[in-house]
1. Out of all the residues in the range 34-46, which are buried (at least 17 other Cβ atoms within 10 Å of the Cβ) and not in a loop (DSSP other than H, G, I, E, B)?
2. Going by what's in this entry, would residue 25 be described as within 18 Å of residue 87 (Cβ to Cβ) and assigned to a helix (DSSP H, G or I)?
3. Determine whether residue 70 is surrounded by fewer than 16 Cβ atoms within 10 Å (Cβ to Cβ), touching a strand residue (DSSP E or B) at 6+ places or on another chain (Cβ under 9 Å) and closer than 13 Å to residue 20 by Cβ.
4. Is it the case, given these coordinates, that residue 65 is outside any loop (DSSP other than H, G, I, E, B), surrounded by 13 or more Cβ atoms within 10 Å (Cβ to Cβ) and either touching a residue at least 60 places away in the same chain (Cβ under 8 Å) or in contact with a strand residue (DSSP E or B) (Cβ under 6 Å, 6 or more places away or on another chain) (or both)?
5. Taking the condition of being under 16 Å from the mean Cα position of the chain (by Cα) and without any contact (Cβ under 8 Å) to a residue 40 or more places away in the chain, how many residues in the range 43-62 meet it?
6. Going through the range 85-102 one residue at a time, which ones are at pLDDT below 90 and either buried (at least 19 other Cβ atoms within 10 Å of the Cβ) or part of a strand (DSSP E or B) (or both)?
């Protein structure tokens, strides 16, 4: 394994020890889901779809989240923006780190949704790992 993927995996593991939610952002097809699956092979993963409401996540986000144990990987979260408020409520009540790992495409609408939904708790509960072409880019970390 090359140094960059190993660094990204180690960064994810460390972030999971400190933050309740870790959001991995990046362009399409750069390996965000692959990175999370390889790093956390035993954590359940749900991939969202732009058309189909997977497990009723958009219709009833709280019921959806009740249906899965934590930790949980939520892939392509931009297709289920209704989950952000439900996630915020959960992490505000439980300070355990490493509860949710999310992937999403870098688009302004999703970033705005994250910022609005998580404004109160963003600084201490969330972190973002930007991912591009097998390179981890995070504030204060080598790329």
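The values are calculated or read from the model by the stated rules, or taken from the named source; none is laboratory data. These numbers were taken from a predicted model, which means no experiment stands behind them. Ideal geometry is used to build each Cβ from the backbone, glycine not excepted, and the neighbour counts take in all protein chains shown.
1. 35, 36, 39, 46
2. No; evaluated as a whole, the condition is false for this residue.
3. yes
4. no
5. Qualifying residue count, the range 43-62: 8.
6. 88, 91, listed by residue number.
For (1) at pLDDT below 90; (2) surrounded by fewer than 17 Cβ atoms within 10 Å (Cβ to Cβ); (3) touching a strand residue (DSSP E or B) at 6+ places or on another chain (Cβ under 8 Å), each residue gets a yes or a no:
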position	(1), (2), (3)
11	yes, no, yes
28	yes, yes, yes
31	yes, no, yes
48	no, no, yes
